[in-house]
Structures are given as structure tokens and as C-alpha cells.
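Step one of this worksheet: look at the structure below.
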Amino acid sequence: QPWRSPGKPQALFSLPAPRWPVECEVIQETIEHIEWVPPEPEPFCPAMGLEQAPDTLSKEQGTVVYHSSPVLQGSCFTCARVRGAPGPLSSPAAPLKSPQDTTLLFESRFESGNLQKVVQVGPYEYVLTLRPDLYTAKHTQWFYFRVQNTRREPLYHFTIANMAKPKSLYGQGLQPLLYSQQDAQSRGIGWRRVGTDVRYYRGSAGEPPVFRLSWTVRFPHDRETCFFAACYPYTYSDLQRYLRTLAADPARSRYCAVQELCRSLAGNTVYLLTITGPGSMAGKRVVVASARVHPGESGSSWAMRGFLDFLLSTHVDAQLLRRLFVFKVVPMLNPDGVVVGNSRCSLAGRDPNRAYRTALPSSFPGVWHLRAMVQRVLEEREVVLYCDFHGHSRKNNVFMYGCDAGRDGAGTRLHQRVFPLMLSKNAPDKFSFASCKFQVQKSKEGTGRVSMWRLGVSHSYTLEVAFSGSTLGGRSSHFSVEDLGSLGRLLCDTLLDFCDPAPAKLQQCLAEADELLRQQMGRELGSEGSWTDVSPSELESSTSGSDSSVSDG
């Protein structure tokens, strides 16, 4: 029922526990974290660059203190169940020899966790190996694991030995996140940036090359439980708890219908939210938004939550948006990948954001059903905007990728740049218009952005949110969950500007976009004048592309 108008409050709907592939062991404990915003922005640490660090680590050194059995390479997904593997759990962590034993106890067999092996190479030094995306041999970027039996005084040194990408924001000041359970319980402090001497560098010679991330840290307390993560975790269960809260709220549930778009390969529900005001649907245009097609890009879920929070609020602009538009929102396109702690792939062992053109519902149900839903909507109404929320590991700030094939007229090409330009004005300390790209590369034809544009959504974008933070507006600091959430509100503000019937803002941005393209042509091609006969690939030839460039499978 794609056009069922939200009306009466919905009954609390069933939210079943996440389903896991049967090869995956899952601990019984429920992992939850408090939300916390640091009182001051957390600055970047001194950048250590990409220099080659001495490679003194080898697999023969040290003692294995954690080894979670990997899913065999070359295997494929067969079936899933709640709680994953049946039967008693194995014990991947080496037991402590005595109460005085200071060995850390590692664990990652929980939702979104990723850690495969740990070798202790010194009293307080550990070499970690991440688990590749299930049913692949690559895509190692996301990490999220627990450590216990900490000591407060020593300086610990951690090295993740198998990062996949040759370039990372860890070489430019990004720090890992730490969560202290004791600080959360006693002081209300949640995830925070930690680590000194953060380095990102190429490891030992070999093909394919692997890269290493290392950092040093002191734990805040003795004998406690801490977690490390690449970005603020946002699990499938977190989304379900959010949806349960929505359904229980008589006010917000009047404007929001929660439906099942489809089921994932593992049988997890891919949720579809329809948000609009009560009354007639006549003349309403549609906005489509999605997030988390790449499970390791958890910052996109926090931005999506901010988007939903604002749309369902009592703010006068939110009321206007609900009166003008119907919002179709898929907040987590790849729940299976999120559950198992993948960086990029679904349980098909491939990147779903390269499968929109060829996807079969049996292999990539989320993207197939999203595309089919948009096709149905386009038969009845105009889709004014599609926005796919992502995270980026190699570039600071927030920016967008749009669609300019170079074949359209000057007016259409300029219009492609207006929405990102307006967003940069509304978020000057976060959003970089200079980092936006509009080239439609052949390798990106299977993405959501290009696929929706080919269907007829004239303004189709990927929103990229840096894993790190902002270098704009005098900032040089990490994003907090509050920063990420504010992007959703700013996106809503920009949508109202973009669709404002008064032409002043649009005309101003069209003129500014034209001038910026002239300047860009002068920089890239050494000439000034008309850009209308120049392709986007020529204008953007010297700049890096999307975050997937080095790790497509």
C-alpha cells in the first residue's frame, strides 16, 4: 500500500530479534551504549601522515589471545536464525592464568562487532586482525570490539594489521572511539575520541597490499569493560528501538506509517517509513531517502535519525514539509551487513550499491525493492529529490555526489548543483560544496544515486559524511552524534529553500554555480569562458572520487 496515508496511532508492532547466518556465534549479552555529546568539540590529533613505519610485526611473534573462527572464504550464505550458530559457544579468548594476569580479554561476537584475531606481542601491545566482510576476502575497515581486564597506568599500543584502503583519515588527525562502561554508569560519559601517536601506513610487502592503523591509549579505570569503534555504532537493534518509540508516540505516529519494504537474505525486515501530514494527498510531491546500504558507515544512520527526528517534530518547518511532501524513507537498506559487522557488503558477498542495475530480488532484496517502489511512485507523482546517506573514510567534511552527464543544457546542469550549494550555505561549518562531484562514471552506474536519476528523479544525490569531522568555519574537530543529527535538520531546511516558490534564492544560487564552474574551468583546464561544452569528467579530472574507488568487489 504505497500511498496509505498515516492516520490513527498504530499498535505496537512486533520487532523480532536480529537473524544471523548460522555460521556466526553470538554472545547472549545485550550490548547498549548511552548517548553523550562532549561539552567541547573534540579536536583532531596531530596528523602523522602516510609515512612508511618500521614493520617489526610478524605473525610468528607473540601469543594468540583471541581467535574467532572465520567464515571460510569461498563459502556462501545458506541460512540464518536468531542468535546465529546453535549449540554452546566456543571460547575464542585465552583464559587468564591468575588474578594478577594483565592480559586483555577481547570479544566481538555481538551485533555489528568486528574482530577476528588478536596476538599479544608485548606486555601491553596487541596486533589485531579484522574479519573481512562475510563470504569475501576483503573490505576490512569497520571495527567494533570489547576489551576487559584493563589497567589504568600502562600505555597500551594497538595495531590493526589488515586495513584495506591505501588512504585514510587516520593519517589526517582522525582518532578511534572509546567507550568506558564505568564512566557511562558513574559519570554519564559515552563514546569519546582517544589515542595518541595515531598512524596509518602500509604494512609488509605483498599483494594485495595491506595497511596498518596503530594508536596508543591509556584506559580510564582498572579491571573494567571498554569498547573501541571506528565510528559511533548504530545497530539494527538501535533502529528497531527507535521505531518502537515512534510507534508508541501518539503524536508522531499520526504522521508516520512503518511498513515492511521486504525481508533481507537472512530474514531481517527492511523497514519503509511513509511520513506526511493528514488530509488530501493531491498535488504532493515525493522525497525519497535511504541510508546504510554500506553497513560500516554508521555515521549515516545518525544523520538519518536527525532527519527523521526533525520531520516528525512540532517545528513549524516540519509541519510545512509534511503538508507539502510525502517522504518515503528506508533508514537501513542492508540490515544483514549491519548485524554481522560488515564494512561494505551484504550476505551476497557483494556491494549492494553496485547492484541497482542488475539486482535480483533474491540476491539484493533491499535495493531491488527500493528501486521498484520508486518506479511505482514515479507513475503517479513527481519525485523531487532522492538522497542516499553514506559515510566517507578519506575526505573531511560533508559533501554530495550528484548527476551531470554533460549532455543536458546549461540550465539543467546548473540545477544539479543548486541543492548542494544551498546546503553549503545552511551548514557552512560542516558542508563543503568544493568537495562535491557531479560526474556520472561508468563504474557508478549501479549505484542508487545514478539508478534513481536514470529512472527520472532529476535531483538524485549521495550525501557523504566524513568519518572524522569538519575543517570548515574555523573548526578542526571530530563530528559528535549531535553534529551528525543536525545534518538531517539542515537537509530539511535546504529542501524548503530548494522548493521555495519565490525565485530569489534559486536565481542567486544558479548565478553563483555558473561563476563557480567558470572558475573551476580556469583551474582545471587553464582557460576561462563558457563551461557548457566541457564534460564533468574534464572539470573533475584531478579530484578523487567516491569512497569506494579502491575497494569495489
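Per residue, the chain exposes 40 Å² of accessible surface when a 1.4 Å probe is rolled over the protein heavy atoms with every protein chain present. Sorted from longest to shortest, the spans of the Cα atoms of the stretch 350-415 along the three principal axes equal 40, 37, 19 Å. Put the Cα centre of the stretch 331-379 next to the Cα centre of the stretch 186-258 and the gap is 23 Å.
In this simple spin-label approximation, Leu516 and Met281 carry label points 7 Å from Cα along the Cα→Cβ vector, and these lie 3.6 nm apart.
Sequentially through the stretch 452-465, phi angles give Karplus couplings (6.51, -1.76, 1.60; θ = phi - 60°) of 5, 5, 5, 5, x, 7, 5, 10, 10, 9, 9, 9, 9, 10 Hz, Gly and Pro residues having no value and appearing as x.
To put it simply, the accessible area of the chain at a 1.4 Å probe is 51 percent carbon and sulfur. Annotation: peptides 100-108, 85-93, 507-515, 275-283, ranked by per-residue average of other Cβ atoms within 10 Å with the highest first, follow the order 100-108, 507-515, 275-283, 85-93.
The H on the amide N of Glu224, modeled in the peptide plane, is under 5 Å from the matching H of Asn149, Thr150, each at least 5 residues off or on a different chain.
Taking one quarter of the surface of the C-alpha convex hull of the chain gives a mean projected area of 26.1 nm². Per-peptide packing, taken as the mean over residues of other Cβ atoms within 10 Å, places 476-486, 258-268 in the sequence 476-486, 258-268 from highest down. Between Val326 and Arg285, Val286, Val287, the built amide H atoms are under 5 Å apart, and every one of these is 5 or more places off in sequence or on another chain. Rounded to the nearest 0.05, the FRET efficiency derived from the C-beta distance between Ser476 and Cys79 at R0 = 35 Å is 0.15. Rounded to 0.05, the FRET efficiency of the Glu445 and Leu96 pair, given R0 = 60 Å and the Cβ-Cβ distance, is 0.65.
Taken over the alpha carbons of the stretch 72-206 as equal point scatterers, the Debye sum produces base-10 log I(q)/I(0) values at 0.18, 0.19, 0.20 Å⁻¹ of -1.31, -1.41, -1.50.
Using a cutoff of 8 angstrom between alpha carbon atoms and counting only pairs six or more residues apart, the relative contact order for the stretch 236-517 works out to 22 percent. Each principal axis of the Cα cloud of the stretch 437-533 was taken in turn, and the coordinate range along them, longest first, works out to 42, 37, 36 Å.
Distance from a point 7 Å along Cα→Cβ of Ser14 to each backbone N in the stretch 255-271: keep the residues under 20 Å and list them by number. From the stretch 255-271, the list is 258-271. In percent, rounded to a whole number, the relative contact order of the stretch 339-394 is 18, using alpha-carbon pairs under 8 Å and six or more apart. Considered as an equivalent ellipsoid built on the Cα gyration tensor, the stretch 131-208 has semi-axes of 28, 16, 13 Å, the largest given first. Rounded to whole numbers, the Karplus 3J(HN,Hα) couplings from phi for the stretch 223-229 are 6, 10, 10, 10, 10, 10, 8 Hz, using 6.51 cos²θ - 1.76 cosθ + 1.60 with θ = phi - 60°, and x at Gly and Pro.
For the chain, give the share of DSSP beta bridges that are antiparallel, in percent and rounded to the nearest 5; count only bridges with both residues there. DSSP beta bridges in the chain are roughly 70 percent antiparallel. Distance distribution P(r), the stretch 196-343, all Cα-Cα pairs, bin width 5 angstrom from 0: 2, 8, 15, 16, 14, 12, 10, 8, 6, 5, 3, 1, 0 percent.
3J(HN,Hα) along the stretch 116-127, derived from phi through the Karplus expression 6.51 cos²θ - 1.76 cosθ + 1.60 where θ = phi - 60°, amounts to 9, 8, 9, 10, 8, 10, x, x, 10, 10, 9, 10 Hz, with x in place of Gly and Pro. Overall size of the stretch 320-437 from C-alpha positions, given as principal axis extents largest first: 40, 39, 35 Å.
Quickly estimate the mean residue ellipticity at 222 nm for the chain, helices only: each DSSP H run with n ≥ 4 gives -39500 (n - 2.57), and the total goes over all residues, rounded to 500.
My calculation for the chain gives -7500 deg cm²/dmol from helical runs alone.
Over the stretch 109-234, Cα pairs under 8 Å with separation of 6+ residues give a relative contact order of 30 percent. Under a 5 Å amide H cut-off, with hydrogens placed 1.01 Å from N, Cys403 pairs with Ser460 among residues at least 5 apart or on other chains. Magnitude of the charge dipole for the stretch 174-222, about its Cα centre and with charges confined to Cβ atoms of Lys, Arg (+1) and Asp, Glu (-1), is about 140 debye. If you take the alpha carbon radius of gyration of the stretch 236-517 and divide it by 2.2 N^0.38 Å, what ratio comes out, to two decimals? That ratio works out to 0.95.
The values are calculated or read from the model by the stated rules, or taken from the named source; none is laboratory data. Since the structure is predicted, the reported quantities are computational estimates derived from the model, not experimental observations. A quick note on method: Cβ atoms are made from the backbone with ideal geometry, for glycine too, and the neighbour counts reach across all protein chains shown. Ligands, DNA and RNA are stripped out before the accessible areas are found, and what is left, the full protein with its side chains, is counted by its heavy atoms. Shrake-Rupley method; radii C 1.70, N 1.55, O 1.52, S 1.80 Å.
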